[in-house]
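Everything on this sheet refers to the single structure shown next.
The values are calculated or read from the model by the stated rules, or taken from the named source; none is laboratory data. Note that the structure is predicted; figures quoted are calculated from it, not measured. FYI the Cβ positions are ideal-geometry reconstructions off the backbone, even for glycines, and counts take in every protein chain you see.
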Amino acid sequence: MGIYEQFGVTPIINASGAVTRLGGAPMPEEVLNAFKEAARVSVPLEQLQAAASKVIAEATATEAGLVSAGAASALTLGTAAILTGYNLGFMERLPHCDGFPNEFVVAREQRSGYDHAVRAAGARLVEVGFNEIVANAGVRRTEAWEYEAAFGANTAGVLYVYSPTSRPPLEEVVDVAHRHHLSVLVDAAGELPPRSNLKSIAATGADLVTFSGGKSIRGPQSTGILCGRRDLIGPAIAQLLDMDDHFGLWNPPTSLIDKTKLRGIPRHGIGRGFKVSKEEIIALLVALQLFTSGAYDAEVSKAHARLRRIVEKLNGSPAQCSIRDKGDGESLPLLEILVDEEAVGRKAMEICQSLRNGVPPIYVSHGGLSEGKLLINPLHLDDSNTETLAARIRQELEHG
Ligand SMILES: *Cc1c(COP(=O)(O)O)cnc(C)c1O
C-alpha cells in the first residue's frame, strides 16, 4: 500500500502538468536527496537565505534573491518591500498603509486572481488601459503613457504580469516608472522555460521579479523565487524571517540585510506566515541548478514519444490529435485532442469529468474544454501511466 492509500487518499494520473491543485511538478531524485540530507542538520535561516541569494543572483544576473513560499508569496513580499523599504514603522503597520503611498499601478488587462497576493500586503491596485482588441472595440492595447498619467503622490510602485505577448513591453513600463522613481514588481511565475527568461526579464531593469519554484524548476511545490535589487530583497527577507532575537545579537549577513539601515530589529513581519523551511530552500537551490544546467531538456524527446504513443492508440477514434511544440528544445510538447462531440454524443467537459471519476482518476488539462479539446501535458507521464491514460481516453471516446 502506498503512503497516500495509507491515509485513505487515491493517487491520480496527472496529465495536467505542474498545477498547484494537483501537487505541482515531479521532483528529481537529486532534489529529494538534497531535501532529506538538509533535514538532518540545523542552520541559521538568514545564513541559508544569504547563500540562496548568491545562487539566485547568479542564475538571474541580479543583485540578490530569496526563496519564498511560492511565487504568490514572493509577490506579497516584494510588494511589502516596495511599500516599506527599511522603515520599521511601515513594516509594523502592514497591511495597513496609513500615512504612506500604497497604490500599485497595473494594466487592467493584466489583472488576475494572483494579484490578491499583491493586495494582501496592503497595496491598492489602480488599473490603467484597455485591451480594445479583445473587446473588439478598437485596435490598441494598454500603452506606457497610461501608467505615467496614473502616477501620483500616493503611487508606491508598478505591478507587471509578464508573458511574451504582454503589452506594453516591460522595457517601456520600466522606463516610465523609473523616470518617476517608482519600482516595478514583475510576476513571471510561469514564464520558465525558456531558461533565458531567468535573466532577460530582470535585464529590462525591472526592480523585482518572481518565479515559481514548483513549476518548471521542479523544486518543492511550496517554493518560489524573488530576485532583483539588494535594497528591496533586504526589507523583503526582513519581513519573511522569524525575528525573535535581540538587536545586539542579531547578525544578518550584510549581503542580504543592511543592518545599518535599521534602528532596531523588526517584529515578525507580514510574511512570517510564508515561512520556508531549510529543506525546501536547499531542494529549490538544487532544482534551480538542474534547471539552469539544462538537465531537463533530455525529457522533451521522451515526452514526444509518449504523446505520439497516445496519438497512435487513439487512431481511428472520433477525435483529432495534434502535438503542439514551441520548438525551443526546452518546453515540453502538449497533445491536443479535439473531440468530435457529435460523433461521441458527449461534450469534452463530460469526458473530462468521467476521466476524473474513473479508477485511477485521470486529470487532463481543462484549458480547452469550451472548444471541445482535451489537453495532455506529459510532465508527469511515464511509459506505464501513458498506456493506461491512452486506453481510458479511447474507451471514453468509443463507449462512454
Ligand atoms: C502559478 C502562478 C502564480 C503562483 O505561483 P505559486 O508558485 O504557485 O505561488 C502567480 N502568478 C502566475 C501568473 C502564475 O502562473
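Could you list, in sequence order, all residues of region 80-99 that are touching a residue at least 24 places away in the same chain (Cβ under 8 Å) and touching a Phe, Trp or Tyr at 6+ places or on another chain (Cβ under 7 Å)?
Result: L83, T84.
Would you be able to say whether some residue in region 80-96 is among the small types (G, A, S), within 16 Å of R272 (Cβ to Cβ) and within 11 Å of the ligand (Cβ to nearest atom)?
Scanning region 80-96, I find no residue that is among the small types (G, A, S), within 16 Å of R272 (Cβ to Cβ) and within 11 Å of the ligand (Cβ to nearest atom), so the answer is no.
Confirm whether D115 is more than 14 Å from the ligand (Cβ to nearest atom) and assigned by TED's automatic domain parsing to the domain that holds G271.
So D115 fails the test.
If you check L22, L75, which single one turns out to be within 16 Å of the ligand (Cβ to nearest atom), touching an Asp or Glu at 6+ places or on another chain (Cβ under 8 Å) and at pLDDT 95 or above?
One residue alone meets the criteria, L75.
Return yes when A137 is in a loop (DSSP other than H, G, I, E, B), out of contact with any Pro (no Cβ under 8 Å at 6 or more places or on another chain) and surrounded by fewer than 18 Cβ atoms within 10 Å (Cβ to Cβ) and no when it is not.
yes
Considering only region 75-84, I want to know if a residue exists there that is in contact with a His (Cβ under 8 Å, 6 or more places away or on another chain) and buried (at least 20 other Cβ atoms within 10 Å of the Cβ).
Within region 75-84, not a single residue is in contact with a His (Cβ under 8 Å, 6 or more places away or on another chain) and buried (at least 20 other Cβ atoms within 10 Å of the Cβ).
State whether the residues of region 33-41 include one that is within 30 Å of T388 (Cβ to Cβ) and over 22 Å from the mean Cα position of the chain (by Cα).
Yes, that holds for at least one residue.
Report the residue count in region 196-230 for those that are out of contact with any helix residue (DSSP H, G or I) (no Cβ under 8 Å at 6 or more places or on another chain) and more than 11 Å from the ligand (Cβ to nearest atom).
Summing the residues that are out of contact with any helix residue (DSSP H, G or I) (no Cβ under 8 Å at 6 or more places or on another chain) and more than 11 Å from the ligand (Cβ to nearest atom) in region 196-230 gives 6.
Among the residues of region 221-241, what is the count of those that are in a loop (DSSP other than H, G, I, E, B), crowded, with 24+ Cβ neighbours inside 10 Å and within 13 Å of the chain's Cα centre (by Cα)?
1
Where in region 57-132 are the strands (runs of 3 or more DSSP E), entirely inside, with at least 2 residues that are more than 19 Å from the chain's Cα centre (by Cα)?
103-107, 124-128
Rundown of residues vs (1) aliphatic (A, V, I, L, M); (2) part of a helix (DSSP H, G or I); (3) on the phi > 0 side of the Ramachandran plot, yes/no style:
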position: R21; (1), (2), (3): no, yes, no
position: A25; (1), (2), (3): yes, no, no
position: A34; (1), (2), (3): yes, yes, no
position: L48; (1), (2), (3): yes, yes, no
position: K54; (1), (2), (3): no, yes, no
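If you take the residues in region 159-194 that are assigned to a strand (DSSP E or B) and within 16 Å of the ligand (Cβ to nearest atom), which one is surrounded by the fewest Cβ atoms within 10 Å (Cβ to Cβ)?
Within region 159-194, the match that is surrounded by the fewest Cβ atoms within 10 Å (Cβ to Cβ) is V161.
Between residues in region 369-397 that are within 14 Å of E336 (Cβ to Cβ) and residues that are of a type in the set (K, R) and modelled with pLDDT of 95 or more, which pairs lie under 7 Å by C-beta distance while being six or more apart or on different chains?
If the second residue must be of a type in the set (K, R) and modelled with pLDDT of 95 or more, the pairs left are P378/R306.
Take the conditions in contact (Cβ under 8 Å) with a residue 40 or more places away in the chain, among the small types (G, A, S) and closer than 18 Å to G157 by Cα and apply them to A123. Does it pass?
yes
Looking at region 1-19, which of the residues that are part of a helix (DSSP H, G or I) and surrounded by 10 or more Cβ atoms within 10 Å (Cβ to Cβ) is nearest to the ligand (Cβ to nearest atom)?
Across region 1-19, the extreme among qualifying residues is Y4.
Among R218, R263, which is surrounded by fewer than 24 Cβ atoms within 10 Å (Cβ to Cβ), assigned to a loop (DSSP other than H, G, I, E, B) and in contact (Cβ under 8 Å) with a residue 12 or more places away in the chain?
Checking each option against the conditions leaves just R263.
Restricting to region 61-72, what's the tally of residues that are buried (at least 24 other Cβ atoms within 10 Å of the Cβ) and within 16 Å of the ligand (Cβ to nearest atom)?
6
Kindly check whether there is at least one residue in region 140-160 that is under 23 Å from the mean Cα position of the chain (by Cα) and free of Cβ contacts under 8 Å to residues at least 24 places away in the same chain.
Within region 140-160, not a single residue is under 23 Å from the mean Cα position of the chain (by Cα) and free of Cβ contacts under 8 Å to residues at least 24 places away in the same chain.
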